[in-house]
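Enquirer: One structure, as structure tokens, below. Some questions next.
The values are calculated or read from the model by the stated rules, or taken from the named source; none is laboratory data. Not measured: the values here are computed from a predicted model. As a convention, Cβ positions derive from the backbone with ideal geometry for all residues, glycine included, and neighbour counts pool all protein chains shown. Heavy atoms of the whole protein, side chains included, go into the accessibility calculation; ligands, DNA and RNA do not. Shrake-Rupley method; radii C 1.70, N 1.55, O 1.52, S 1.80 Å.
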Amino acid sequence: MKIFVIVCCLLSFCLHSQKKPPNLGRININELTLNVYQKDTTANALVLEESGYVFVDKENNYKFRRDVYRRIKIFNNTGYDKATITLNTYKNESIKNIKAITYNLGTSNKIEKVYFSNDKVYKKQLSEDWHEVTFTLPKIQTGCVIEYRYSVISPYSKIDDWKFQSDIPKLKSDFSATIPGNWKYNIRTRSDRKFDRKNTYVKKNCIEIPGAEAGDCFKVTYGLDSIPAFKSEDYMLAKKNYMYRLMFELISYTNIRGLTTKYTKTWKHTDKTLRKRFFDNQVTKTRFLKNTLPDSIKRIVDDLKRAKTLYNHLQNKLFWNQKYWSKEKLNIREIYDKNSGSADAINLLLHNALNALKIKSYLVVLSTRKNGKVTKLHPSISDFNYAIVKATINNETYFLDATDKFLSFGEVPFMCLNGEGRVLDFDNGSYWEDITSKDASTLRYNIDFSFSEELNDLHASIKSREKGYYAIKKRKKISSDSYEEHLDNFESQYPNLEIDTFNIDSKTNEKELKLTYVVTSSDFSTTPESITLNPFIINRYSKNPFKLKTRNYPVNFGFAWFESFFINIKIPKGYKAVSFPKNKVLSLPNNGGTIMLTVKPNTTNLKFLLRFNFSKSIYNNNEYDYLKEFFNQIINIQNSYVKLVKIKA
């Protein structure tokens, strides 16, 4: 997302009573002798105290300044990473006033101090706009306490979020800001508990302006104690959606002459800003494309077929440069002629091309899964970081993204499955709509087993049919590997299987991927009287992704999904099946999913049908225990064994 600079007109201001940077040396002997945090005995480290303070700094030409102080107890060597501090700065931002000390417990319980040397601060460029500043405290060992502070000096009025919660617990975390009254912000908090400290008030006469009356400041303070560590787990959205934090969104700025610039107005104004500043007024540029697009596409009568053919044409023509937003001014003709661009440029072109061929389409702005959820409490531009297209054809909705050559028509990248996006309808008014994939995601296996005549080899034919996000992921993987690499990777993943032949169905349509493997398996055991094997030789779940005792945030798969295994074991002559899993049917509450196992033995074959599905993309935290047990049942079934014994004469 582009960041806009606000030019500060406070060169003659005088701010009274600004806080000094926090002093180091707050250590005590009890912190050094602390061996474990009783509220979380698994913690590798513990924040003893931290604070942040934002203000406009007279000493740095009235730029915004953030002072950060932190003191951390390190319990074991896994917590050593907390001694390396990494800070990212944008363009003209800088890091100053770095001070740091490592404390260790010496002989006779004497506190030993090791001071950080500023020549050990390292800076590297991450991109054209971003730099990384890194420093590591010295002499880190188990039981030590580290203490550091730094200041971020910024010419930009964006106030970064204050994160009360992290991956380690905290005893105390405080944030305060003194903001001159000519800046106005929306302030949001995310916490499921009451703050231990909270105070907001207007501080009178905190700014002197020569030739004018003294100005006021807005003072805000928030604090929490005994903050638990945030425990990440699979199938979740961005952590910042759930972690305790404080957020600022700029509303307006008023200069000393009384002129006000509004940055957050109404959603209607936000939509216009997106059109003007982010899409550079290129949302209705269809004339060039009407004349340029291939006649073979324009002559197609059927709307859906015409849209699909156009989509495939642009997918193959355009190369995505892996950037979400373009810094350069967008121009439809240049994008088409250049054959490459950022995601906003490519999908802006797709939007105009669809409209040029009389397919009604709209641009959709959204926030990707890693970027966090978009707030709808007040208008915001900074939450958005990606754009796709919505097409309406024969009263059906299709969300489209031409950046990914592996997406079928009606599919969007997995990263876009993050709830609602804003559909930009500049004629009738924009609105919110849930971003979903058009097609189901399914994985179906047909596995046929047969033994060699000598019973020393087990052969299997594995046929898979994949749709939706299963197929997208597999297509990308196969495309990135050579034929030999794919075989090597398969055999590395399944070391008990050796591939005899492999085939991708050349007649596979755009929605479905079909693969066939013929393999020899060593994953069975024999005795003179019996044969034992696990029939789930592929895509077997061995670990439950849900391990937390309590999960305080939803499980988000992104999409509903279904898997099935149809397995046929040809029983060798002279043998019979005596041990195999029993039939089973289980369901999740609220129609959340079903497991069905059916086993049919006869004298020549043993047939399995295992089907399980997750019919919802999102499960709330109250359903977590059910999901955990649901996965346990899948694992138990797939770890079941079949036993065949020799028939006695």
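Enquirer: Would you compute, from DSSP H runs of 4+ residues alone, the mean residue ellipticity of the chain at 222 nm, taking -39500 (n - 2.57) per run and dividing by the full residue count, rounded to the nearest 500?
Expert: Mean residue ellipticity at 222 nm (helix-derived): -4500 deg cm²/dmol.
Enquirer: I'd like the accessible area for Asp196: 1.4 Å probe, protein heavy atoms, all chains in place, Å² to the nearest 10.
Expert: Here the accessible area works out near 80 Å².
Enquirer: Turning to a different aspect of this structure: Looking at [x] 159; [y] 213; [z] 192, which value of volume of the Cα convex hull per residue in Å³ comes from a calculation on the structure shown?
Expert: Matching entry in [x] 159; [y] 213; [z] 192: [y].
Enquirer: Ok, one more. Just subtract the alpha-carbon distance of Thr375 and Lys646 from 0.36 nm times their residue separation and send over the number in nm, one decimal.
Expert: Value of the extension gain: 90.9 nm.
Enquirer: Leaving out ligands, DNA and RNA but keeping every protein chain, what accessible area does Trp183 have, in Å² rounded to the nearest 10, with a 1.4 Å probe?
Expert: Surface accessible to solvent at Trp183 totals approximately 10 Å².
Enquirer: Right, another one. Give, in nm to one decimal, the length gained when the segment between Ser226 and Arg611 is fully stretched (0.36 nm per residue of separation minus the Cα-Cα distance).
Expert: The span from Ser226 to Arg611 would gain 134.1 nm if fully extended.
Enquirer: With a point put 7 Å past each Cα toward its Cβ, work out how far Asp500 is from Thr292 in nm, to one decimal.
Expert: Result for the modelled spin labels: 5.4 nm.
Enquirer: Scan region 39-137 for GluC sites (Glu not before Pro) in coil per DSSP, keeping those whose Cβ has at most 14 other Cβ atoms within 10 Å, and list them by number.
Expert: When the GluC sites (Glu not before Pro) of region 39-137 are filtered for loop state and at most 14 Cβ neighbours within 10 Å, Glu128 remain.
Enquirer: So how do Leu443, Leu487 rank on accessible area, 1.4 Å probe, biggest first, that is with the largest at the start?
Expert: From most accessible down to least: Leu487, Leu443.
Enquirer: Extending each Cα 7 Å along its Cβ direction at Lys476 and Asp434, get the distance between those two points in nm, one decimal.
Expert: So the two model labels end up 2.4 nm from each other.
Enquirer: May I pose another question? Between region 344-409 and region 54-95, how far is it from one alpha carbon centroid to the other, in angstrom?
Expert: Using only Cα atoms, the two centres lie 36 Å from each other.
Enquirer: Sort Asp167, Asp216 by accessible area with a 1.4 Å probe, largest first.
Expert: Highest to lowest solvent-accessible surface, that is Asp167, Asp216.
Enquirer: Where in region 492-576 are there GluC sites (Glu not before Pro) that are in a DSSP coil and have at most 10 other Cβ atoms within 10 angstrom of their Cβ?
Expert: Those that pass, being in a loop and sparsely packed, are Glu529.
Enquirer: Run the simple label-point estimate for Lys265 and Asn281 please: 7 Å along Cα→C-beta, distance reported in nm.
Expert: 1.6 nm
Enquirer: Ranked by accessible surface with a 1.4 Å probe, highest first, in what order do Asp337, Asp404 come?
Expert: Solvent-accessible surface, decreasing: Asp337, Asp404.
Enquirer: Would you kindly find the accessible area of Lys607, with a 1.4 Å probe and non-protein molecules such as ligands, DNA and RNA excluded, rounding to the nearest 10 Å²?
Expert: The value for Lys607 is about 80 Å².
Enquirer: If I take R0 = 30 Å and measure r between the Cβ atoms of Leu586 and Thr516 in this structure, what FRET efficiency does the formula 1/(1 + (r/R0)^6) give, to the nearest 0.05?
Expert: 0.45
Enquirer: Net charge within 13 Å of Asp625 by Cβ-Cβ distance, Lys/Arg positive one each and Asp/Glu negative one each, not counting Asp625 itself?
Expert: +2
Enquirer: Sticking with this one: Applying the Karplus parametrisation 6.51 cos²θ - 1.76 cosθ + 1.60 with θ = phi - 60° to the phi angles of region 587-592, what ³J(HN,Hα) value in whole Hz is obtained for each residue in order, glycine and proline being reported as x?
Expert: Rounded to whole hertz, the list is 9, 7, x, 6, 6, x.
Enquirer: Looking only at region 62-90, which residues have a backbone nitrogen under 20 Å from a spot 7 Å from the Cα of Thr42 in the C-beta direction?
Expert: It comes to 73-82, nothing else.
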